[in-house]
1. How large is the helix-only mean residue ellipticity at 222 nm for the chain, computed as the sum of -39500 (n - 2.57) over DSSP H runs with n ≥ 4, divided by its residue count, in deg cm²/dmol to the nearest 500?
2. Placing +1 on the Cβ of each Lys and Arg and -1 on the Cβ of each Asp and Glu in the stretch 103-154, which of 111, 149, 136 has its Cα farthest towards the positive end of the resulting dipole?
3. For residue 66, what is the net charge nearby, where nearby means another residue's Cβ is under 12 Å from its Cβ and Lys, Arg count +1, Asp, Glu -1?
4. Run the numbers on the chain and let me know its relative contact order in percent, using alpha-carbon pairs under 8 Å that are six or more apart.
5. Cα centroid distance between the stretch 1-53 and the stretch 58-129, in Å?
6. Where does the charge balance sit around residue 16 when Lys and Arg score +1, Asp and Glu -1, over other residues with C-beta under 14 Å from its C-beta?
7. For the chain, with only Lys/Arg (+1) and Asp/Glu (-1) charged at the beta-carbon, what is the dipole magnitude about the Cα centre, in debye rounded to 20?
8. What is the packing order of peptides 170-177, 12-19, taking the mean over residues of other C-beta atoms within 10 Å and listing the highest first?
Amino acid sequence: MQLYALCDHETLKAKKLSLEAFVGLCRKHDATVIQYRNKSSDLNNVKNTLIALRQLWNGILIVNDAVSLTPFCDGVHLGQEDVQAIDTDVNCAVAQIRERIGNDKWLGISTHNKEEILCANRLDINYIGLGAYRNTSTKHVGTILGDTLDTLAQLSTHDVAAIGGVRFDDEFEHVAYRVIGSALYDH
């Protein structure tokens, strides 16, 4: 299982951790993907941070929500609400996103249940985020999947990234990526 590191702007500030130190933690733990999430800054600040991260990180770099910023990274991850905001028909929304970002960029979508996974199976995406596995301090969680996450993961035709309160010692049989957020800072 590969490590997918969540670089959350608010958590970096709270922990007083620089981008350089964060990338150092990612290297120490052999991360393959970094997702940058910043819900409080404008797009220009997010863009500048992506540029700075790209200078520090040769691995896969994903931006959260900001489809327009994919020229500065390797792809985008969207929540269900973000996809619905583009078009209420998820197939049309993903087609519009794919047209905008191209086929060489990663596209990931969060899922929380069997229905969303089965819908995602029909979409032109690279992976799904599935969760939340347990409560997390970096984001409000509506649904906790717990041990059912791995069972649901086997329904996906895409790679699965386990999200939400995942720790280094969590083991999954049907998950490609263990998404580590706040646990990365304390490990």
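Taken together, the values in this text are just the output of simple stated rules run on the coordinates, not laboratory data. Everything numeric in this text was worked out from a predicted model, so none of it was measured. Reconstructed Cβ throughout: ideal geometry from the backbone, glycine too, with neighbour counts over all protein chains shown.
1. Working: 8 runs with 68 residues, N = 187.
Taking each H run of at least 4 residues, the total per residue is -10000 deg cm²/dmol.
2. 136
3. Numbers: positive: 37, 39, 47, 100; negative: 42, 65, 82.
Combined, the nearby Lys, Arg, Asp and Glu give +1.
4. Working: 338 pairs, mean separation 37.4, N = 187.
Relative contact order, the chain: 20 percent.
5. Measuring centre to centre over Cα atoms gives 19 Å.
6. Working: positive: 13, 15; negative: 8, 10, 20, 186.
Around residue 16, the surrounding residues sum to -2.
7. In total the dipole reaches around 640 debye.
8. Details: 170-177: 16.8, 12-19: 13.4.
The densest-packed peptide leads the list: 170-177, 12-19.
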